[in-house]
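Let me begin by presenting the structure, written as structure tokens, before commenting on it.
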Amino acid sequence: MRVGAAELGARERLASALRRVAEKDAAALEEVYAATSAKLFGICLRILKDREEAEDALQEVYVKVWRSAASFDPARASPITWLATLARNRAIDNLRSSARSRGTEPIEAGLEMPDSQKDAFSAASEGQDRVRLAACIGELDQHQSSAIRSAFLDGATYNELAERSKIPLGTMKSWIRRGLLRLRECLGR
């Protein structure tokens, strides 16, 4: 499937703004913020589940964009994918830091809990990335495709998937890990 002209234009405008941010153009950062803050805030809020913490994480994301916009490579990822990855990573780092300071369980414990809400994987696949993502998932073998869809779109845990498929947990984790690596490679093309 083809990416629409409007989507392509929006992607190019965002990529252009990021190039200008790399040159320390404050107006370009405002443009990036206006175009992406709602989506990135949603990612942070979904992971952190606290509005204030999500706002703090979002601010840190844009500080990182200001400092490292030069590392954005449009040949490797679309601008929104790059920004969503920064937001996701920042939110997870903040969540891990918060868990350590509170003495709670590590973030990995959450892998065993299914989430009924729309996940970041689904949110990131919307719009301009939806078509590319669907095509790339279609390139995976049946086991990887099914496992990734169930884990990231339906919220199934790795244990549940391994039990359903009657395979060892390590095998299921390997299928998903290899599938995600292939997805990243495909989306980077």
How many residues are of a type in the set (Gly, Ala, Ser) and free of Cβ contacts under 8 Å to residues at least 12 places away in the same chain when one looks only at the stretch 44-74? 2
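Each row is one residue, and each column tells you yes or no for (1) at pLDDT below 90; (2) closer than 26 Å to residue 156 by Cβ; (3) in contact with a helix residue (DSSP H, G or I) (Cβ under 8 Å, 6 or more places away or on another chain).
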site	(1), (2), (3)
85	no, yes, no
88	no, yes, yes
100	yes, no, no
112	yes, yes, yes
Selection count, the stretch 153-181, where residues are out of contact with any Pro (no Cβ under 7 Å at 6 or more places or on another chain) and surrounded by fewer than 18 Cβ atoms within 10 Å (Cβ to Cβ): 19
Is it true that residue 26 is outside the structural domain of residue 131 (by TED's automatic domain parsing), surrounded by fewer than 16 Cβ atoms within 10 Å (Cβ to Cβ), closer than 26 Å to residue 183 by Cα and among the hydrophobic types (A, V, I, L, M, F, W, C)? no
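The values are calculated or read from the model by the stated rules, or taken from the named source; none is laboratory data. What you see is a predicted model, and the numbers here were worked out from it, not measured in a lab. Virtual Cβ from ideal backbone geometry, glycine too; neighbours counted across all protein chains shown.
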